[in-house]
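Read through the structure below, which is laid out as structure tokens, and then see the notes.
The values are calculated or read from the model by the stated rules, or taken from the named source; none is laboratory data. Note that the structure is predicted; figures quoted are calculated from it, not measured. As a convention, Cβ positions derive from the backbone with ideal geometry for all residues, glycine included, and neighbour counts pool all protein chains shown.
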Amino acid sequence: MTKFSHPGTLQDRLFDGTYDHVPSLNSCELCDPYKLLNRSTRSSTDPVIHYGVIASANKIMRHGKTRDQLARELNVLCFEMEAAGLMDHLQCLVVRGICDYSDSHKNKKWQEYAAATAAAYAKELLSVIPSNMANDTPGVPVPPHLAVSPADRRKNLFDSLSFDQLDVRRSTVKANYSNTCQWLMAHDDYLDWADPRKADEHHGFLWIKGKPGAGKSTIMNFAYNQAIKDKSNTVISFFFNARGSDLERSTMGMYRSLLFQLLKALPAHLKVFDDLQHIDKLDSLHTMIVCQGGHPEWDLSLLRGLLRSVVENLGEESLTCFVDALDECDEEEVEGMVEYFEDLGICAIFNRTHLRICFSSRHYPHIDIQHGRQLTLELQEGHKEDVATYIRKKLKFGKFKAAEEIRSRIQVKSGGIFMWVVLVVDILNEEYKNGRMFQVKKRLEAIPTKLSDLFKEILSRDQNNLRDMQLGIQWILFAKRPLKLEEYYFAVVSGLCPKELGEWDPDEVTRDDMNRFLLSSSKGLAEATKAKNPTVQFIHESVREFFLKDGLRELWPNLVGDFSMGNGK
């Protein structure tokens, strides 16, 4: 019982309301002692019961100046977060134990004592209330959606956060080539980001920027895999996917995914679904789940509120969040999301939670963060070394005398764009394999440096099975949703040989057959995801952008009219 005893008057420290806590520190050791208020010593340490107004809000009060202002205006005694939601359903008396001063100098040493004091008072109050008054109190009707156990209700709401392809994009990111990406772990910006003592400088933010195809997703996936090795650290991630479903390319899907992962990793925080400040929206959602089944439509503000509540209650735990490819989401949505995470970073500093957030994107012209470290991928020496390593290991030229010169030339022409290097190395290896050593240098010089021009050359150079390619590209581009592998196969076949269509026999046409057809018909620019139910997508967002911008029109000027007619049928 000692933990519920009075902590002692030396632990009762009240700072001036205008003086904020020194950010990123877990104690007030470096806070200015001259900002402590001098108060008369109480003659007794016995609890004192106050009667008056209790303020209820949707977030923890941790700002002394705001606290003092509301106390003056509303004659408020204390601040809490649950009573307002309960009052809407049941008139009640709120009993609270004061455990801190509602400022940024949070002191958890009084929590147990305050809880015991409130419990003792509530027991005393109940002992003087006549029992017949309890019998006369009108009951609250229990709606159908509440006729389940609290645990089942939480599980239903938790399960509804999940969706198909929730983590598919990260699983389809190509793994880093052997011994590459290691430089990131020793980079000054990364080390600063990982150092909790510097959180007041960067607010927990690291933003990796780079050109299309530079390898941002690969290095984000590498950083994620490194982070999960630390079992004391909870790691969550979301990789936006413009080629995927609506939820894969929206902040709605991101918030659902991040909250789902966080609660799965820390199930003790499932109690967030009991949060009375969100009770009405959560009850409506649960009603839809119970009565209609399936996954309800989540509310964006509710998801943000729940995620924030969980982060606020993490205490001194560590949480790392990776969000990749912000450029593959609507820019307006991303602006709001970045602002939300900046606010979450400030919240974590005040709450002494070790929160780290890592974004990656192309070079956004309009979206930035006020605090944080930024790193441009293609300018990093470590990244340049990674490109050189890949070229050295993958360019299979044997004892060809000009090999070193060609490797150096590839490095220079690439401009740090890893995807360009991968495609070009394959092209040159094919030339060498066919005994065309004399053609390799000339072929390399003829290859364009822009990714879009390289895509155009790859598609223009090989005219075999042109109709397969035209139909396949259109189906991937314009299908209402991402196609399953078998859907893609039969959709293209229906345009090539409609009379050959029949019931699918998996023994006759296997998934391996379909996958080979996908690669050949797209000239290697499309792939099947590695999900439980694989779907077809381009190997990179820049491929899709190439076709939608100018590629289709430049490659096949008459194709748009043909496709429009096909859609109209």
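Condition check ((1) in contact with a helix residue (DSSP H, G or I) (Cβ under 6 Å, 6 or more places away or on another chain); (2) outside the structural domain of Leu258 (by TED's automatic domain parsing); (3) at pLDDT below 85) across all residues:
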position	(1), (2), (3)
Tyr121	no, yes, no
Leu126	no, yes, no
Ile129	no, yes, yes
Lys155	no, yes, no
Phe163	yes, yes, no
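Failed condition for Asn225, given (1) in a loop (DSSP other than H, G, I, E, B); (2) surrounded by fewer than 16 Cβ atoms within 10 Å (Cβ to Cβ), with all others met?
Going through (1) in a loop (DSSP other than H, G, I, E, B); (2) surrounded by fewer than 16 Cβ atoms within 10 Å (Cβ to Cβ) one by one, Asn225 breaks only (1).
Out of contact with any Asp or Glu (no Cβ under 8 Å at 6 or more places or on another chain), crowded, with 19+ Cβ neighbours inside 10 Å and at positive phi: which single residue out of Gly372, Gly472, Gly398, Gly416 fits that description?
Gly372
Can you name every residue in the stretch 1-53 that is surrounded by 11 or more Cβ atoms within 10 Å (Cβ to Cβ), not β-branched (Val, Ile, Thr) and not in a loop (DSSP other than H, G, I, E, B)?
Phe4, Gln11, Phe15, Lys35, Leu36, listed by residue number.
Hey, can you tell me all the residues within the stretch 168-186 that are buried (at least 17 other Cβ atoms within 10 Å of the Cβ) and part of a loop (DSSP other than H, G, I, E, B)?
Residues satisfying the conditions are Val173, Asn176, Tyr177, Thr180, Cys181.
For Phe238, are the conditions met, namely being surrounded by fewer than 24 Cβ atoms within 10 Å (Cβ to Cβ), under 16 Å from the mean Cα position of the chain (by Cα) and over 14 Å from Glu541 (Cα atoms)?
In short, no.
Filter the stretch 436-462 down to the residues that are touching a residue at least 60 places away in the same chain (Cβ under 8 Å) and either under 15 Å from Arg544 (Cα atoms) or part of a helix (DSSP H, G or I) (or both) and list them by number.
Hits for the stretch 436-462 are Leu451, Ser452, Phe455, Lys456, Ile458, Leu459, Ser460.
Give the residues of the stretch 343-367 that are under 18 Å from the mean Cα position of the chain (by Cα), without any contact (Cβ under 8 Å) to a residue 60 or more places away in the chain and surrounded by fewer than 19 Cβ atoms within 10 Å (Cβ to Cβ), sorted by residue number.
Of everything in the stretch 343-367, those that are under 18 Å from the mean Cα position of the chain (by Cα), without any contact (Cβ under 8 Å) to a residue 60 or more places away in the chain and surrounded by fewer than 19 Cβ atoms within 10 Å (Cβ to Cβ) turn out to be Asp343, Cys347, Ile367.
Given the conditions (1) closer than 19 Å to Met81 by Cβ; (2) more than 20 Å from the chain's Cα centre (by Cα); (3) assigned to a helix (DSSP H, G or I), which single one is not true for His286?
The single condition His286 does not satisfy is (1).
Can you tell me which residue among Asp46, Asp32 is over 29 Å from Ile349 (Cβ atoms) and either over 36 Å from the mean Cα position of the chain (by Cα) or assigned by TED's automatic domain parsing to the domain that holds Tyr101 (or both)? So that I can check it myself, show each step before the final result.
On the way: Asp32 fails: over 29 Å from Ile349 (Cβ atoms).
Residue meeting the stated conditions: Asp46.
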